[in-house]
Amino acid sequence: MKIAVLDDYAGVAKGLADWDSLGAEVTFFHDAIGDPAARLAPFEVICLMRERTPMPAALIEALPKLGLIVTSGPRNAAIDLDAARARGIPVSGTGSRKTTTSELAMLLILALSRRLVPEASHMARHGWQQGMGRDLAGQTLGLIGLGNIGAQMAALGRGFGMDVIAWSQNLTDARAAEVGVRRVPELESLMGQADVVSVHLVLSERSRGLIGAAAFAASKPGQIFVNTARGPIVQTDALLAGLRAGRPQAAGLDVFDAEPLPMDDPLRDAALIAEGRLLLTPHLGYTTEATFRRFYREMVEDIAAWQAGAPIRLLT
């Protein structure tokens, strides 16, 4: 049996689980798949890292040997489950850890607030201080989305002495009160009040492109904007135009429309990055050793269960 483990950019998958126990030929892919139909044709099992490589119907139908799809995490919107079901291909998932994304979002907020990257870079070139950061205490944190991660962010923000407000299309006063934040009625209202904005929505047709020019035009002066949710929730052109106009003043992005982010993507704006006003990270929100160890170990369990004729953790 041949197993493909995709999107192992850090080259850690082999060492984090006992793949040898499966008695199979396992291939680890450390790059983005350029021609997935051709490269994946020999494999009976394909292991996906969240939504990094899409599995649409056309690809599923083009892989005649495919018998099992395994994804990290309990859901994966990039897999066409109906197409897999039509071919009788089970799709298994794994558990996940719940705190990694909020930790990264707060790291981006802190780094941008204290100008960590440009100050460290300046010092490394034998310099000293060259700018001035700002405190979080006393600032207003605006959360776009108040699910599990948004609620974690609310607690972290309060821990830093921030006032916390929130908005989403479905947010109720009862949910806001449960989390201990104040609900604002409109997105533009949140953008106008928040010193720091952090996005924590699920990508859907309703949230795609939700944050655009009108939202950034309403931004409070000096605002820091952070997105660790999904790239397409934010209109990239509008964000870049806003940054160049100073609204928002700075942005931290961990997610992008295209991943890996192409080297010629407009977001790789050298001037904004050098100024410390744009901080880009390569989708690190869930990328921690403990999380990946759980992902890969449970992938091996999923494959073993399928081999035994009793697939587990099936996505529906």
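The values are calculated or read from the model by the stated rules, or taken from the named source; none is laboratory data. Keep in mind that this is a model prediction, so the values were computed, not measured. Quick reminder, even Gly has a Cβ in these numbers, built from the backbone with ideal geometry, and neighbours come from all protein chains shown. For accessibility, only protein heavy atoms count, side chains too; no ligands or nucleic acids. Shrake-Rupley method; radii C 1.70, N 1.55, O 1.52, S 1.80 Å.
Dividing the summed helix terms, -39500 (n - 2.57) for each DSSP H run of n ≥ 4, by the number of residues in the chain produces a 222 nm estimate of -9000 deg cm²/dmol to the nearest 500. Each Lys or Arg adds one and each Asp or Glu takes one away; over the other residues whose Cβ falls under 10 Å from the Cβ of L112, this sums to +4.
In terms of packing, defined here as the mean over residues of other Cβ atoms within 10 angstrom, the peptides 225-236, 69-80 line up highest first as 225-236, 69-80. Given a Förster distance of 41 Å, report the FRET efficiency between D20 and R158 from their Cβ-Cβ distance, rounded to the nearest 0.05. It comes out at approximately 0.30.
Just the accessible area per residue of segment 159-316, please: how many Å² with a 1.4 Å probe?
Numbers: 7060 Å² over 158 residues.
Per residue, segment 159-316 has an accessible area of 45 Å².
Modelled spin-label separation between A290 and K65, with each label point placed 7 Å from Cα along the Cα-to-Cβ direction: 3.8 nm.
When only the Cβ of Lys, Arg, Asp and Glu is charged (+1, +1, -1, -1), the dipole of the chain relative to its Cα centre reaches about 580 debye.
Based on the mean of other Cβ atoms within 10 Å per residue, sort peptides 169-177, 152-160, 115-123 so the most packed one is first. Write down the numbers at each step before the final one.
Working: 169-177: 13.3, 152-160: 19.1, 115-123: 15.3.
My ranking of the peptides, most packed first, is 152-160, 115-123, 169-177.
Between D35 and A258, the FRET efficiency from the beta-carbon distance, with R0 = 22 Å, is close to 0.85.
Relative to the longest principal axis of the Cα atoms of the chain, the long axis of helix 100-113 lies at roughly 30 degrees. For G157, neighbours were defined as the other residues whose beta-carbon sits under 14 Å from its Cβ, and their charges (Lys and Arg +1, Asp and Glu -1) total -2.
The simple spin-label model puts a point 7 Å past each Cα toward its Cβ; for R297 and R134 those points are separated by 4.3 nm. Distances between placed amide hydrogens fall under 5 Å for F256 paired with G231, all partners being 5 or more residues away or on another chain. Here the Karplus curve 6.51 cos²θ - 1.76 cosθ + 1.60, taken at θ = phi - 60°, turns the phi angles of segment 166-182 into couplings of 8, 8, 7, 5, 10, 5, 10, 4, 5, 5, 4, 5, 4, 8, x, 10, 9 Hz, with x standing for Gly and Pro. Can you tell me which aspartates and glutamates have their Cα less than 14 Å from the Cα of K14? Leave out same-chain residues fewer than eight positions away. List returned: E25, E289, E298.
Near M162, the amide H atoms lying under 5 Å from its own belong to G138; only residues 5 or more places off or on other chains count, and H is placed 1.01 Å from N. DSSP finds beta bridges in the chain, and of those with both partners inside it, around 5 percent are antiparallel. To put it simply, the accessible area of segment 103-159 at a 1.4 Å probe is 58 percent carbon and sulfur. Distance from the Cα centre of segment 72-142 to that of segment 252-316, in angstrom? If we compute the Cα centre of each part, the gap is 10 Å.
Share of segment 233-277's accessible area from carbon and sulfur, percent, 1.4 Å?
On the way: 1140 of 2100 Å².
C and S fraction of accessible area: 54 percent.
When the chain is fully extended, how far beyond the present Cα-Cα distance does A78 get from E178, taking 0.36 nm per residue of separation? Write out the running numbers ahead of the final one.
On the way: separation 100, 0.36 × 100 = 36.00 nm, distance 3.19 nm.
Net length gain for the segment: 32.8 nm.
Which angle from 0 to 90°, rounded to the nearest 10, does the C-alpha axis of helix 236-245 make with the longest principal axis of the chain? Once rounded, the angle reads 20 degrees. Given the choices (1) 31, 52, 18, 0; (2) 23, 35, 30, 11, 0; (3) 33, 59, 8, 0, P(r) over Cα pairs in 20 Å bins from 0, in percent derived from the coordinates of this structure is entry (1).
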